[in-house]
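Accompanying notes for the structure given below.
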Amino acid sequence: MGAAQSFRELCDRTKNTNVRLSLPAVCIVWQTAMIILFGVFIRYNEESDTHWVEYRKENNLSDIQNDFYFRYPSFQDVHVMIFVGFGFLMTFLQRYSFGAVGFNFLIAAFGLQWALLMQGWFHSLDYTDGKIKIGVENLINADFCVAGCLIAYGAVLGKVSPVQLLVLTLFGITLFAVEEYIILDLIHAKDAGGSMVIHTFGGYYGLSISWMLYRPNLDQSNRLQSSVYHSDVFAMIGTLFLWMFWPSFNSAITDHGDGQHRAAINTYLALASTVLTTVAVSSLFQKHGKLDMVHIQNSTLAGGVAVGTAAEFMLMPYGSLIVGFCCGIISTLGYIFLTPFMEKYLKIQDTCGIHNLHAMPGVIGGIVGAITAAAATESVYGAEGLRNTFDFEGEFADRSTSKQGGHQAAGLCVAICFGVGGGILVGFILRLPIWGDPADDNCFNDEPYWELPEDEEVVPPMLHYNNHMHNKEIDFHTDWTISHS
Amino acid sequence: MGAAQSFRELCDRTKNTNVRLSLPAVCIVWQTAMIILFGVFIRYNEESDTHWVEYRKENNLSDIQNDFYFRYPSFQDVHVMIFVGFGFLMTFLQRYSFGAVGFNFLIAAFGLQWALLMQGWFHSLDYTDGKIKIGVENLINADFCVAGCLIAYGAVLGKVSPVQLLVLTLFGITLFAVEEYIILDLIHAKDAGGSMVIHTFGGYYGLSISWMLYRPNLDQSNRLQSSVYHSDVFAMIGTLFLWMFWPSFNSAITDHGDGQHRAAINTYLALASTVLTTVAVSSLFQKHGKLDMVHIQNSTLAGGVAVGTAAEFMLMPYGSLIVGFCCGIISTLGYIFLTPFMEKYLKIQDTCGIHNLHAMPGVIGGIVGAITAAAATESVYGAEGLRNTFDFEGEFADRSTSKQGGHQAAGLCVAICFGVGGGILVGFILRLPIWGDPADDNCFNDEPYWELPEDEEVVPPMLHYNNHMHNKEIDFHTDWTISHS
Amino acid sequence: MGAAQSFRELCDRTKNTNVRLSLPAVCIVWQTAMIILFGVFIRYNEESDTHWVEYRKENNLSDIQNDFYFRYPSFQDVHVMIFVGFGFLMTFLQRYSFGAVGFNFLIAAFGLQWALLMQGWFHSLDYTDGKIKIGVENLINADFCVAGCLIAYGAVLGKVSPVQLLVLTLFGITLFAVEEYIILDLIHAKDAGGSMVIHTFGGYYGLSISWMLYRPNLDQSNRLQSSVYHSDVFAMIGTLFLWMFWPSFNSAITDHGDGQHRAAINTYLALASTVLTTVAVSSLFQKHGKLDMVHIQNSTLAGGVAVGTAAEFMLMPYGSLIVGFCCGIISTLGYIFLTPFMEKYLKIQDTCGIHNLHAMPGVIGGIVGAITAAAATESVYGAEGLRNTFDFEGEFADRSTSKQGGHQAAGLCVAICFGVGGGILVGFILRLPIWGDPADDNCFNDEPYWELPEDEEVVPPMLHYNNHMHNKEIDFHTDWTISHS
């Protein structure tokens, strides 16, 4: 224990990571604010209110036609992606699993409440009584909104304090809601799976923040910025749940009937072909053709991101396969070449490589969406189908598909701008020396923010010792400190 | 190996944990009894029987209106909570993961069969032919019934034999079915998510058993009554699946339509706010403000327990947040102050702290339910909505909401009485020296009941052994000692 | 690190496991072929096409009656079984978790695309335009088809290269589609959960391949052909998700309404009783009555396999329990006696014991199906129910149930023949010395095909060393080799 003790003290000297006041304060105050705001603004909508019985009879509906039964299974899948998917995907670091799962849990739980309010004001406000009326679709959208911030977390994983993450989330959700309103309502672009709204925004938001928080001496934490065998297996739990449930993600809020059906099929296919090209490139660029777990854990998901926008369009099964094919290659190459380049020359330290998994595929998804929309014809969609798919109704009744394509592209630009601009702004705020972030030699480590079980805490350095040195005499304390300095 | 060998022999000498005859005997005999009883009593109901085709046409229904499509997705989520949720939540101990997941699996698999019979006799008996007619709702209720026993398992985790657990389950299910019948049918209290029926009963049932099985020398197993890094990560799998699917748990058997919809929303919100207050209190009471995994793994779930009863009422979104807010605080404080107090002064050893996660929040849930019911007004619910929500039909047609509130409170008392009383009774039975439970110095250890992989098997005893050896020569063993003392 | 290095070089010398050219080539070429074939053949069906809006109105349907809402929740559960269930079930080996999850991921992702084509040509070809029209049911069937190959993978786990697995899958899917067409369409046997089509075929397919690839010196890899504590816990994730979602597997493509409802209930019950008998036998045959994780991980699933065919019939709840009861016993005994026997005398090395989990229970399931079908009477099923359940329509309108029983048995034979025959054929191909499979002393090891994290690679031997010797001087190289030879 003495060793661990002195080590902790060492850290505390170099930088104060004590969040004993700030973290509880932020949690309590913000949660209290949520309660007040919910009290003032949020009510049940007609499908989750006890008046549904009357509503149902007036509209001659069956209970099964309550939106709950159209969307709840997808909602639960999305929920799993947010908490287990994102959470475990980030457990790959050998000593940051608590932070990965735990902080992901914390910011998602706060984010979804704030998202219900922000998105509610923009989309679900009932002007008759000034209340936000929520149902299952709002819950899904709140989870989507949170996803943007969890993506950003991936870029700064292990380098920030929980308080910083909460700030990142507060601003991230706010920016998201505005950006989403502009893209979906004003520009009237379609983005069912959020290639633009969620992944492009979230990706660039996180990368800009990471750029603002650049740590020149991060290499002092190199020993911990790697995985161990079982942490890679834990990460595969996240990968697989994201991969399996992505069809639900992209189809969760699409039109009832064929819309959800088609979006699920397209996503299922895109993801399948991504896996093969990821494996191909991963093997091709490693010595002895060995596969790299980083690629399998991340790039296999790129296809799901890239069909996000076009999933509900008539992308055609082969179209989905092509999108997945390209993204598997691009994303894996990104991990091999781009990530090191960005760190070295652009000063962007991207722990999880979100640029390869979210930002790039998100942009591709936006472009694919624009092209597919512009190419849509009545002969393929059918008159009514075309109208339904692109919501050419009301003020947009006479919009042409080519015009729609242009608006899709415009939406993509908005997402990028909000991501970069918002990230720089928030990054500036997070640079204030008040947030209790870890020292450069103590990143990727659960030790500053978590009570760790004793024995495990001691094992890794000891192994290091036996690895790297051939010293005959053995004094536990010595080699312990050696291995850590 | 020598160390492990002698260590094992030591255990075997002190107490006989050999269940080679008792365990197979109980499993085979009880399973055979199930087959016979199912043969005599259990049949398919009209929605799972081949006659559904005719039934459907007579009642002019569509296939999609089969209860299966209303409830099956929720059932599957509940099923995951029972087997993965409860199972993995208990894997946090460094050397009891097999027992946690494996015995949870065993008793749940037995319990759900016995529950189908017990609950069937009380609720689904068709008096025309004396058969129990089952459908998906019965499966959900069986899983609920099992949950009560799994909660109780949490209190005695690591201190009992699988045979004792099966006995605990047999009586637990029986008591549950009676208690449930009294509360739901006779008292006509509502308890959709089982705050009273499941959590309060299960919690006090387990605590009373643990009190009856008090082990004064349990500290001899201290070295194993802690987690290691990756066992805490495994436990988070359980936590997250419980947390994510809790909305399905509380909405699984509520009314079709708005009932299920509203229950899911309320639970989703209550759980979200619990996470923030849990983090706040956990950080506030640890030195350096570090988070404790025990709190994150358990207290974050308290909100789901506490909205169990009121989830289907018009609790309002802010009401759910308030309930979650309070429970996160109370549950975490419970882990910090109450659990040690109970062990020291009340002689209740509660391995998983079920008092903080289930018993207390369950009671709170019962009270919240009583208040919400008493406060229900026709202006909020609508005449028909009020009738539907509280089933004011038949003999209860003219019950007032204030009267309903009183009956809710009465139901809570019944749950507590059955839990405590039943626990003392069963605890008395489990104290018989015939069950093969482990010695005080061999608790929280998979070794007595599981064939363990070789190399892993050697580590803990070695640590133990080296801890107690005071060897002068400095070799690997001694550093271990240092690192542990 | 030198040690690991030299060890790697050693392997590479003895046998070339470099797949740097073959693996990428196969992935890229085959995926490209898929894109072309999908472009030529595959389109959306009327329920996933934008024309659904018109279709729906013509047929006076509600959106909720789109097949998507009948099957999507089951599909997602099946999807989880394929990728997490099968993948993690095979992570039990101490050093083959990457291969287990990763290669399972790879071949499933390829297999489902090829399955959509193969099954499509046989079942979903629209003769008006020569296109295969796909919807959610096709996705489920593709996952089913893949399951057959994943079962086969279990027999050769750790002994083949990823390229061999892809070849195994290509032929496996092809054989599956033909066999399925003969059994379901020509013979008109019913097999909802695929006891025959999936498990019997897949089981014997894998066993025959393993027999063809017999390795007399496999004992050189003994040190790695065992689990460690946490790899067994990882495997339980797979076990539980398979166990929990099996009701969805067996009910995923059964008739709407009572068909799905009944299949889920039967599977739920069969699996429950399997757990108890598995525990009983496992304890009965181990010294000190200790449970063996291998049995808990695998035999507890046998009941789900064995009710696969009869799940949609009126098997009756007690009938399901009986099937599960027997299979738990037979499967566990298989692991204890049959697997060693097969390896020693039949030269069949079955890594995961698929003979006990899939082949045998599959055959039992086929027999149960035949008997249940032959015993079906109009008094039990009802005239219309009988017709619906067995699809006695069109050319089969006047088939008797006894005749149906005979055809079920015939179907079982076809499955066995295709499995054995196909396995021998494919095994012959896989024996070509071009596939980069590992040497006998390097099986069950991720090292040949995966970049492994450094330190973990060193852990196990070191523990061994410190256990077995009390030698003062530490020469890393020595003890490394000692502990491994």
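The values are calculated or read from the model by the stated rules, or taken from the named source; none is laboratory data. These figures come from a predicted structure and were not determined experimentally. Glycine also receives a Cβ, built like all others from the backbone with ideal geometry; neighbour counts cover every protein chain displayed. With ligands, DNA and RNA removed, areas are computed over all heavy atoms of the protein, side chains included. Shrake-Rupley method; radii C 1.70, N 1.55, O 1.52, S 1.80 Å.
Here are some notes:
- Residue check, A:G135 surrounded by fewer than 24 Cβ atoms within 10 Å (Cβ to Cβ) and either out of contact with any Lys or Arg (no Cβ under 8 Å at 6 or more places or on another chain) or without any contact (Cβ under 8 Å) to a residue 60 or more places away in the chain (or both): yes
- Residue, farthest from the chain's Cα centre (by Cα), within the range A:433-455, restricted to residues that are more than 9 Å from every other protein chain (Cβ to nearest Cβ) and in a helix (DSSP H, G or I): A:D441
- Candidate set from the range C:42-76 (those that are touching a His at 6+ places or on another chain (Cβ under 7 Å) and either facing chain A (nearest Cβ under 7 Å) or in a loop (DSSP other than H, G, I, E, B) (or both)); member that is surrounded by the fewest Cβ atoms within 10 Å (Cβ to Cβ): C:D63
- Conditions (1) of a type outside the set (A, V, I, L, M, F, W, C); (2) open to solvent by 50 Å² or more (accessible area, probe 1.4 Å); (3) part of a loop (DSSP other than H, G, I, E, B): number failed by B:K403: (3)
- Residue list for the range A:280-300, filter: free of Cβ contacts under 8 Å to residues at least 40 places away in the same chain and outside any loop (DSSP other than H, G, I, E, B): A:S283, A:L284, A:K287, A:H288, A:G289, A:L291
- Subset of the range B:416-435 (residues that are farther than 19 Å from B:H199 by Cα and open to solvent by less than 10 Å² (accessible area, probe 1.4 Å)): B:L430
- The C-beta contact set for the range B:152-181 (first residue more than 19 Å from B:A33 (Cβ to Cβ), second residue basic (K, R), distance under 7 angstrom, 6+ apart or interchain) comprises B:K159/B:R215.
- Among the criteria (1) in a helix (DSSP H, G or I); (2) open to solvent by 30 Å² or more (accessible area, probe 1.4 Å); (3) in contact with a helix residue (DSSP H, G or I) (Cβ under 7 Å, 6 or more places away or on another chain), the one A:K347 does not fulfil is (1).
- Qualifying residue in the range B:229-252 (condition: surrounded by fewer than 23 Cβ atoms within 10 Å (Cβ to Cβ), touching a Lys or Arg at 6+ places or on another chain (Cβ under 8 Å), farther than 22 Å from B:I296 by Cα and touching a residue at least 60 places away in the same chain (Cβ under 8 Å)): no
- If you go through the range B:88-110 and keep only what is among the hydroxyl-bearing types (S, T, Y) and either more than 9 Å from chain C (Cβ to nearest Cβ) or under 22 Å from C:S320 (Cβ atoms) (or both), you end up with just B:Y96.
- Taken over the range B:362-398, the criterion of being assigned to a loop (DSSP other than H, G, I, E, B) and either in contact (Cβ under 8 Å) with a residue 40 or more places away in the chain or at negative phi (or both) is satisfied by B:A376, B:T377, B:D391, B:F392, B:E393, B:A397, B:D398.
- Residue match in the range C:340-361 (condition: away from chain B (no Cβ under 11 Å), touching a residue at least 24 places away in the same chain (Cβ under 8 Å) and of a type in the set (S, T, Y)): yes
- Every condition in (1) farther than 27 Å from A:R387 by Cα; (2) surrounded by fewer than 21 Cβ atoms within 10 Å (Cβ to Cβ) holds for A:I367 except the one numbered (1).
- Any hit, the range A:301-317, residues being facing another protein chain (nearest Cβ under 9 Å) and in a helix (DSSP H, G or I): yes
- Test result for B:G289, at the interface with another protein chain (Cβ under 8 Å from one of its Cβ atoms), among the small types (G, A, S) and surrounded by fewer than 24 Cβ atoms within 10 Å (Cβ to Cβ): yes
Every residue, every condition in (1) within 14 Å of the chain's Cα centre (by Cα); (2) more than 21 Å from A:V368 (Cβ to Cβ), yes or no:
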| position | (1), (2) |
| --- | --- |
| A:A115 | no, yes |
| A:I132 | no, yes |
| A:Q164 | no, yes |
| A:G172 | yes, yes |
| A:V178 | no, yes |
| A:H199 | yes, no |
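- Among residues of the range C:407-444 being of a type outside the set (A, V, I, L, M, F, W, C) and at pLDDT 95 or above, the one that is nearest to C:G202 (Cα to Cα) is C:G419.
- In the set (1) among the hydrophobic types (A, V, I, L, M, F, W, C); (2) modelled with pLDDT of 95 or more; (3) surrounded by fewer than 24 Cβ atoms within 10 Å (Cβ to Cβ), B:L125 fails one condition alone, (2).
- Looking only at the range B:219-266, residues that are facing chain A (nearest Cβ under 7 Å), touching an Asp or Glu at 6+ places or on another chain (Cβ under 7 Å) and not aromatic (F, W, Y) come to 7 in all.
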